[in-house]
Amino acid sequence: MKPFRGMLPPFALVALVTVCLPAPEARAQAIAPVRGEVTEAGKGTPLPGAVLRWLFDADAANAPVITTTSDEAGRFTLPRPARAASRLVVQALGYRADTLAVPTTGAPYLRAALRPGQELGEVTVTDRAPAYSSLTPANVQMISSRDLTKSACCNLAESFETNASVEVTTSDAVSGAKQIQLLGLDGSYSLLTVDNQPALRGLAAPYRLGYLAGPWIENIEIIKGTGSVVNGYEAISGQVNVKLKEPEKTDQLLFNIYGNDLGKFDVNLNTSARLNAKWSTVLLLHTDHLGNRVDRNKDGFLDLPLATQFNAFNKWKYISGKGLVSEVGLGALRETRQGGQLDFRDTGAEAFTRNYGTTQATTRYTGYAKTSYTWPSRPFQSLGLLLTGTNHDFTSRYSYGYQTLHTDHDPSLPFYFVSNPSSRSYDGTQRTGQATLLFQSALGNTSHVYRTGLSFLYDNYDERLTAGRSYLTETPTDVEAREHRTRRELVPGAFAEYTYQNSRNLTVVAGLRADRHNLYGWQVTPRLNLKYDVLKNTVLRAAAGRGFRVANPIADNAAMLASAREFVIGTNLRPEKAWNLGGSATQYFTALGHPATFILDYYHTEFQNQVVADMYTSPGLIAIDNLQPGGRSFARSLQAELQLEPLKGLQVKGAYKYLDVRTTYDNVLLPKPLTPAHRAFLNLGYASAFDKWRGDFTVQWFGQRPVAHISSTHAHGTAQEYRPETTPRYALLNAQLTRGFKRFDLYAGVENLTNYRQPNPIEGAANPFGPTFDAAMVWGPVYGRLTYAGLRFRIE
């Protein structure tokens, strides 16, 4: 059954307080749909996931197929077809199907009680759902749990290996941290949510992609554009929503172990229990460790840092069956990293002066509680409360220093003296609390739906960057003010969002939020999403919205700590504000007898203000300040993608992306460092019958990237023409083979098949305490080819 051919699912109620895109996930066929609930006969417990469809007479064989599924509380809403139908088929896996008689007039509320079946019939899968949703008004791409098994996916960073929209880059050649780019902008401009709750933001940003284990993830939604006002005001380029395993739906047991030829191993254990008809829980455990010192490129530095992580997360869920749903979760993480030269040992402060080294330690605790109530007689109406809290603490230290007494080209900078050798440290603590109260209902009928609510954000930042230097003109008070950064944000807000559907081909979502920031005053955030179905398989979308965020200048540029660059931070940084406008065209069609999708999208992000990190103007500095008056900063993204199945079992995805990302640096508009203008992507995935064998092959091609070398002799003066140096073009080839058995999978793979490596990823590696040391200009692989193998064992 092809979901884009005539299938028009109904509006899906938001039973939990979620901060997902607000639009209904369907198009209603009539003003008075059929509503009801599905339960287990004899017990009365709700049956989520039951499939309901209209049963037509023989003379209506060509009538459109209209289906829906029951939600977590067993409730459903099913549009009436344009052609009269009076019988409804209800099916659920493990239960006997039933057929209900439905009155042909009015808005009946039906109750279906299914009896357990004695045996399961044959299940035939005819098609997979397209990765690009045809239902949501925003441009949403789904990475399914099946897609996540196409590569090792040890953590979130590796979950985008077979995806063209999101690019994952290595931050520097010492820490091993990774970052994402969406629409050409760094990950700090995309809102990362976990179960539709803002998460891993602020000081967690440098290493956050390693804080979510791949086997914990059910699916990932990539949303381009600013999205919904319900999510907050921070999304500028888009949203990445990670959905973790649900207690009542996931496997009873999932055990995953992974190892590679660098000596790194990952171990994951997921276990869930349905305690009774209302209570369920899931425990997610993860650990990884790399204790092997590897230097394949022979530059004297570890290719990857020694690292150990312990990570745990526990969810509890309660479904009353009478409209009340509650969920609580607790998480804890501890991670340590040590990088640098092969001979570095963390034996104390003096160790950082003998050999170059870096250390990082992170301790993180999270918790949340969310409760929602859905009116039984008004299943489109709900009220919910969401509470979250986070405590994030980290310490880090970097060898650093060279002896000099100098001034930069800017005469306003005082002389300073740097000891040789020395170290600099960057430590921080972030405490965050968030609360959201959300109400949803309809105006007359479900063609007009609205959501409104109140929110409150508390952020407390305490950071210290000890740079290993002292200015000759500074007093101890001046040093404390320069090195110690604190910020407390208190942001109450209110929002409202209206969704209109004309039941045929148009969806409009308009939202507005107003937030009172204690440091920056009132902030108004408007957003708009439109979806228009030109034909039943042709969808056009448009989106426009404004985003606002308070930058964290050190955390956002933490990779530069692994260099000899001096951090010079402006004293009056303003919030970052930007407009994002764009749209997409999606065409669903049939090629060679199988479903196919072509999508073309374009987005333009224009900053009103941006906190700019300038590494061009003076190569020995990273100057962080507001976008200069009259300057511009923008990102343009154009992507075309084709997904098809030329042969049974063979899935093909191909894409091309063009990026134009530029910022004004000292009155000169220059491309953003390390962002490729051109990128191409190809993924081939084959699965044999019953998924006994699965193979995946991925090619990623990257065009030239501009770089800002610390030793560059091309530093430009004000308004002078300047052309940055660029990197070579290159391609990465990855492959994986999986053998499936009844309860376990064996998989093995190779990353970077051609063993391509960036020449000299660490500039000045021979003299790490010198003025030209820089490990942050990383644009290609550092350690070359990687082979791995693993095992997944599950009990459903």
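The values are calculated or read from the model by the stated rules, or taken from the named source; none is laboratory data. Not measured: the values here are computed from a predicted model. Using ideal geometry, Cβ is built from the backbone for each residue, glycine included, and neighbour counts are taken over all protein chains shown. The accessibility values were calculated without ligands, DNA or RNA, using every heavy atom of the protein model including side chains. Shrake-Rupley method; radii C 1.70, N 1.55, O 1.52, S 1.80 Å.
Quick notes on this one:
- Among the lysines of the range 639-792, pairs at least eight places apart or on separate chains and with Cα atoms under 22 Å apart come to 4.
- Orientation-averaged projection of the range 178-220 equals 3.2 nm² [convex hull of Cα atoms, one quarter of hull surface area].
- Thr475 versus Lys249: modelled label distance in nm, points set 7 Å from Cα along the beta carbon direction: 6.1
- Less than 5 angstrom separates the built amide H of Ser422 from those of Tyr400, Gly401, all sequence-distant by 5 or more or on a different chain.
- Applying the Karplus relation 6.51 cos²θ - 1.76 cosθ + 1.60 with θ = phi - 60° to the range 458-465 yields 3J(HN,Hα) values of 10, 10, 10, 10, 9, 10, 9, 10 Hz, where x marks Gly and Pro.
- On the basis of the beta-carbon distance and an R0 of 22 Å, Asp660 and Ala542 show a calculated FRET efficiency of 0.65.
- Neighbourhood charge, 9 Å Cβ-Cβ cut-off, centred on Arg464 and excluding it, Lys, Arg +1 and Asp, Glu -1: -3
- Where the Cα pairs of the range 267-410 fall when distances are cut into 10 Å bins, in %: 10, 24, 22, 17, 13, 10, 5, 1
- Other-chain or far-sequence residues with amide H under 5 Å of Asp261's (modelled H): Thr787
- Between Phe589 and Ala332, the contour length at 0.36 nm per residue exceeds the Cα-Cα span by 87.9 nm.
- Counting only Cα atoms, the size of the range 282-360 along its three principal axes is 66, 28, 14 Å, in decreasing order.
- Taking amide H as placed 1.01 Å from N in the peptide plane, the amide H of Arg378 sits under 5 Å from none that are at least 5 places away or on another chain.
- Put Thr590, Thr605 in order of accessible area, highest first, and with a 1.4 Å probe you get Thr590, Thr605.
- Area accessible to solvent at Trp279, 1.4 Å probe radius, in Å²: 110
- Averaged per residue, the chain has 40 square angstrom of accessible surface, using a 1.4 angstrom probe with ligands and nucleic acids left out.
- Think of the chain as having a plus end and a minus end, set by charges on the Cβ of Lys, Arg, Asp and Glu; of Val750, Gly685, Gly259, Gly685 sits farthest toward the positive end of this dipole.
- Charge tally in the Cβ shell below 14 Å around Lys249, where Lys, Arg are +1 and Asp, Glu are -1, Lys249 excluded: -3
- Largest first, the extents of the alpha carbon coordinates of the range 233-323 on the three principal axes equal 65, 37, 15 Å.
- Across the range 672-687, rounded Karplus estimates of 3J(HN,Hα) from the backbone phi angles (6.51 cos²θ - 1.76 cosθ + 1.60, θ = phi - 60°) give 5, x, 6, 9, x, 6, 10, 8, 10, 8, 9, 9, 10, x, 10, 9 Hz, Gly and Pro being marked x.
- Proportion of all alpha-carbon pairs of the range 648-751 beyond 23 Å (%): 50
- With all protein chains in place and a 1.4 Å probe, the accessible surface of the chain carries 57 percent carbon and sulfur.
- Computed over the range 719-784, the range of Cα coordinates on each principal axis works out to 64, 31, 20 Å, biggest value leading.
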